[in-house]
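Asks: Sending over a structure as structure tokens; questions will come in a sec.
The values are calculated or read from the model by the stated rules, or taken from the named source; none is laboratory data. Just so we're clear, the structure is a prediction, and the values are computed from it rather than from any experiment. In this analysis, Cβ positions are derived from the backbone assuming ideal geometry, glycine residues included, and neighbour counts consider all displayed protein chains.
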Protein chains: 2
Amino acid sequence: MVTSQDVARLAGVSQATVSRVLQGSARVSPETRERVLAAMKQAGYHPNAAARAMRTRRAGTIGVVVADITNPFYPQLLEAVSDELDRAGQRMTLWNATGPSEGGALEAIREGAVDGLLFTTVTEMSKPLEEALQRNEPVVLLHRGLDHIGCDQVTADNVAGGRLAARYLVRAGHERIGFLRGPQSASTALHRERGFRETLDELGHPLPPELVRPGDFSHDTARAAMRELLDRPQPPSAVFCANDLTALGAVDGAISLGVRVPEDVWVVGYDDIAMAAWEAYGLTTVRQPITDMARMAVRMLIERIEDRTLPARRREFPAELVVRRSTAHTPAS
Amino acid sequence: MVTSQDVARLAGVSQATVSRVLQGSARVSPETRERVLAAMKQAGYHPNAAARAMRTRRAGTIGVVVADITNPFYPQLLEAVSDELDRAGQRMTLWNATGPSEGGALEAIREGAVDGLLFTTVTEMSKPLEEALQRNEPVVLLHRGLDHIGCDQVTADNVAGGRLAARYLVRAGHERIGFLRGPQSASTALHRERGFRETLDELGHPLPPELVRPGDFSHDTARAAMRELLDRPQPPSAVFCANDLTALGAVDGAISLGVRVPEDVWVVGYDDIAMAAWEAYGLTTVRQPITDMARMAVRMLIERIEDRTLPARRREFPAELVVRRSTAHTPAS
DNA sequence: CCTCGCCGTGAATACGTAAACATGCCTCTC
DNA sequence: GAGAGGCATGTTTACGTATTCACGGCGAGG
């Protein structure tokens, strides 16, 4: 391994001067700088990350935790996060945590292997997370939040999104509306459901309990649930789904029974993932500005890494209804 | 920060003993071990990753490079890679490299920020990659390979997969077969095309040049290309696509023109991503054992990190045709 | 002409861990 | 009973970098 010491010898300067050139900011005469840069190049020098991290107490890496990377929503989120981190010159360590096993990420921040953590899928205030927050470790919650926790959070207005869906379906004249829920541990699922239910109540069309099915944000569970709903004597004429993956499963459940979307049943999703726009589904959905949210979260995290004394901040982004083919312009019933 | 020194003081032993307890293997009396463990717990000690990395010359992290994380194939691959790395106690740093910008990953390995690299989407022998191989850095190519390079590689038999598709379509009686290509820089695209073309030639049904369209493994490009093919006076009766994302785009292109799959045109994809099995598409495709390949690649990389003198190894996995609804059991023409 | 201060550079040190080397005691053997 | 050897533990060092402190020289001001 080539060290700054080797470069120093080659350039006929001290190791300190090499370090100064590396940092750029120090005062080094132009001639010396040139000589050192040439020596670095000639020797094929690259500063050692571990030594640098030890000295500066910065790993140059941030950790990102997602719950299920095969849910297409997260790759879209990750793409934006990754871009923004590149721009900031930070590396990204990723955890695909099934269940409440953010343990690895929290261990990493305690060990100093990452400078901060971006959680996209918190579900609860786990013991290690509580510890991390108490120790004032840089943590930002993106997408899913924790209601009563003082911690940086970037979310979308999921209550408003649920309201949009409810108003849209009721105004279109639907009388029997169904709902495919998300996991009750996800704030997104809860808020979307709350907005949806409240608005249905306000409009005098409360959600019939028999048309509500539990779910876990997975395609297969949603598909099965939709088949159950459609097999009922009085099936729903429209179904709102807690996220797009659920909605795609619902559409597939309908197709599998020969039930047509939207002629026989409308389906509305949530997130506006790329696939929602594809012809085979043409899914009406509530869009949240994934990319903007991701960028914001990364910036907040980097700010917090640089200044841990900042007050906890919350940013909420607006939701927007995107109408496509899965809901016709005239009611189905 | 709590250091092993602090723990040592607290337990009334030397720092070396704390380190020995940490390593587990050293000889420490049971009583001392207990005392040290208790002190660690009481003090809330967690070993510093940077210092450890500097001392052991191991980062405990491996780097993974993908080209386009929004292509659902890669999340599936990453899920398996991530699982296997967890099992090995390694962290994963991810690069989502658009274009030939594996630069970040190669810089990271030179700096020692990662112990090895897993490339899932190499396209060419870039300068930095060549350097890394010359320096005998631990590098494994997964999914896409480089034909004439002596380097660990885990691929599927894409030539055989292309043959399977060709034989299937010809035996089903198709006379006008089209092909949506992948990027010519991807070994997978080239090999699939080679197997497909060669077999069509052997069977006396060479690919008509006017039914071949370039592509980039993206949904939108494939959709547009499919519309061009279907708009021709003599459209194809079956289209083979260089990967599943391309095939899904092709199906959507057909739908957008009111052309039915499989009644009017058959579509065959490649990869068998999860969505291929969903009802809306029901895509016939060539499966490659993504999970097995990922596991193998991770194990190979870890072996190589532990012993850089190993000879370069290649593992090729078999391909398998999965027939679904996008190809009916009787020819369309 | 002398002194003060600044600028460029070198020397020395600290970061936290792992491991090589050193030490003292206890036991076993002849 | 004395020497040898093993075992538990302490002392010391090295890893590579960033930074603080020290120093010599030179220019400016009185």
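Asks: Considering only residues that are away from chain A (no Cβ under 14 Å) and near DNA strand C (Cβ under 6 Å from one of its atoms), look in region B:1-54 and name the one that is nearest to the chain's Cα centre (by Cα).
Replies: Step by step, filter region B:1-54, then rank; the result is B:Gln23.
Asks: With A:Ala97, A:Ala59, A:Ala67 as the choices, which residue is within 16 Å of DNA strand C (Cβ to nearest atom), crowded, with 18+ Cβ neighbours inside 10 Å and either under 28 Å from the mean Cα position of the chain (by Cα) or under 19 Å from A:Phe119 (Cβ atoms) (or both)?
Replies: A:Ala59
One line per residue, one yes/no per condition, for (1) at pLDDT 95 or above; (2) touching a Lys or Arg at 6+ places or on another chain (Cβ under 9 Å); (3) aromatic (Phe, Trp, Tyr); (4) assigned by TED's automatic domain parsing to the domain that holds A:Leu77:
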residue	(1), (2), (3), (4)
A:Leu229	yes, yes, no, no
A:Asn243	yes, yes, no, no
A:Leu248	yes, yes, no, no
A:Ser256	yes, yes, no, no
A:Val267	yes, no, no, no
A:Trp278	yes, yes, yes, no
A:Val298	yes, yes, no, yes
A:Ile302	yes, no, no, yes
A:Ser326	no, no, no, no
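Asks: Taking the conditions exactly as written (under 18 Å from the mean Cα position of the chain (by Cα) and of a type in the set (A, V, I, L, M, F, W, C)), does B:Ile255 satisfy them or not?
Replies: The answer is no for B:Ile255.
Quick grid of which residues meet (1) in contact with a Cys (Cβ under 8 Å, 6 or more places away or on another chain); (2) within 13 Å of DNA strand D (Cβ to nearest atom); (3) outside the structural domain of A:Ala297 (by TED's automatic domain parsing); (4) of a type in the set (A, V, I, L, M):
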| site | (1), (2), (3), (4) |
| --- | --- |
| A:Glu31 | no, no, yes, no |
| A:Ala39 | no, yes, yes, yes |
| A:Ala53 | no, yes, yes, yes |
| A:Val66 | no, no, no, yes |
| A:Arg91 | no, no, no, no |
| A:Ala105 | no, no, no, yes |
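Asks: Restricting to region A:1-14, name every residue that is in contact with a Lys or Arg (Cβ under 9 Å, 6 or more places away or on another chain) and near DNA strand D (Cβ under 8 Å from one of its atoms).
Replies: The answer is A:Met1, and nothing else.
Asks: Out of A:Asp231, A:Asp220, A:Asp244, I need the residue that is within 14 Å of another protein chain (Cβ to nearest Cβ) and more than 21 Å from the chain's Cα centre (by Cα). Which one?
Replies: A:Asp220
Asks: In region A:77-96, what count of residues is obtained for those that are of a type in the set (S, T, N, Q), within 9 Å of chain B (Cβ to nearest Cβ) and touching a helix residue (DSSP H, G or I) at 6+ places or on another chain (Cβ under 8 Å)?
Replies: Of the residues in region A:77-96, 2 are of a type in the set (S, T, N, Q), within 9 Å of chain B (Cβ to nearest Cβ) and touching a helix residue (DSSP H, G or I) at 6+ places or on another chain (Cβ under 8 Å).
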